[in-house]
There are 2 protein chains.
Amino acid sequence: MSNENKITNIKETVKLFKIFSDYTRLRIIDLLEGGEFSVQEITDALDTSQSAISHQLKLLRDLHVVKFRKEGKQVIYSLQDNHIKEIFLIGYSHATECKD
Amino acid sequence: MSNENKITNIKETVKLFKIFSDYTRLRIIDLLEGGEFSVQEITDALDTSQSAISHQLKLLRDLHVVKFRKEGKQVIYSLQDNHIKEIFLIGYSHATECKD
DNA sequence: TTGACATATGAGTGAAGATTCATATAAAAT
DNA sequence: ATTTTATATGAATCTTCACTCATATGTCAA
């Protein structure tokens, strides 16, 4: 592999890990693990401001981590693919099972 | 599981993912994948200031990601366990193989 | 023991990023 | 049509964090 590609790959990997490296975002992902939820439900569940949640959802949308559908005035979010689920679960188990 | 524990677990997971969410740190980890290297070698390989590298190494040390031994005036670093290697490689392959 | 080299570290700076605040948009209800 | 409810978003603020700069520590060589 070229050095350029190597750099690009590392940078992509950083981007991926960054998704999971914020408390609010990870709680959203953790919640959405369990199904689909409206912004309201997410906001209530995480006890965080609606605005903060919406900003993070925008981020996750832009990164193709979540998808959404509209239902009346509500917007229902869910995880985009299992891809994300997998990485989250692997990290979660590593972080919790293997204490040093 | 209690809610307290859940929160703690998520926070631990965030910490874990944060390790991998910086370009310099990830390059260090990627390099150390290949064996042990002195600070000098790391500094040269990553073309970054010695100070910046040392600061990140301190972080990685504190998080038990790397271990080190002294050899004369040199300090030789290597990865602490396979644990870290695994997560890095999983993230790396997800980030690079599965393009959207 | 003095000087050169390797690494570590505290303080300061700057940039990225997460939250708040105010407000916009859009759909439903009255 | 107007009000209420749900969500989104721009700007400002505040925080986190990575880097630089200066300097400390420690080891070897002369």
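Where a number appears in this text, it was derived from the coordinates with a stated rule and is not lab data. Nothing here was measured: the structure is a model prediction, and the numbers come from that model. Cβ atoms come from the backbone with ideal geometry, glycine included; neighbour counts cover every protein chain shown.
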Problem set entry | Nitroxide proxy distance, nm - points 7 Å out along Cα→Cβ at A:THR48 and B:SER93 | 3.0 nm
For this session: Pairs of Cα atoms under 8 Å, at least six residues apart: use those to get the relative contact order of chain B, whole percent.
Result: 23 percent
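Whole number please: convex hull volume per residue, Cα atoms of chain A, in Å³.
Details: hull volume 12.8 nm³, N = 100.
Cα convex hull per residue, to the nearest whole number: 128 Å³.
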Exercise. Under a 5 Å amide H to amide H cut-off, with H placed in plane at 1.01 Å, what residues pair with A:VAL66 once short-range neighbours are removed?
Worked result: A:ARG61, A:GLN80
Seminar exercise, completed: Lys and Arg at +1, Asp and Glu at -1: neighbours of B:ILE7 with Cβ under 14 Å from its Cβ sum to 0
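With a 10 Å radius around each residue's Cβ, average the other Cβ atoms per peptide and rank A:25-32, B:46-53, A:68-75, highest first.
Values: A:25-32: 21.1, B:46-53: 13.1, A:68-75: 10.8.
Packing proxy ranking, top to bottom: A:25-32, B:46-53, A:68-75.
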Exercise. How far is B:ASP47 from itself in the other copies, in nm, if each label sits 7 Å out from Cα along the Cα-Cβ line, shortest first?
Worked result: 4.9
Seminar exercise, completed: at A:GLU33 the sorted inter-copy label distances (label 7 Å from Cα on Cβ side), in nanometres, are 2.6
Exercise. How many nanometers, to one decimal and shortest first, lie between the label point of B:ASN82 and those of its other copies, if labels sit 7 Å from Cα toward Cβ?
Worked result: 2.5
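For the pairs B:LYS11/B:LYS70; A:LYS6/B:LYS73; A:LYS18/B:LYS73; A:LYS18/A:LYS70; A:LYS18/B:LYS58; A:LYS18/A:LYS85, flag any whose C-alpha to C-alpha distance is greater than 26 Å.
Details: B:LYS11/B:LYS70 33 Å; A:LYS6/B:LYS73 31 Å; A:LYS18/B:LYS73 35 Å; A:LYS18/A:LYS70 28 Å; A:LYS18/B:LYS58 20 Å; A:LYS18/A:LYS85 15 Å.
Flagged as over cut-off: B:LYS11/B:LYS70; A:LYS6/B:LYS73; A:LYS18/B:LYS73; A:LYS18/A:LYS70.
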Problem set entry | For a label point 7 Å along the Cα-to-beta-carbon line of A:GLU12, residues of the range A:49-79 with backbone N under 11 Å | none
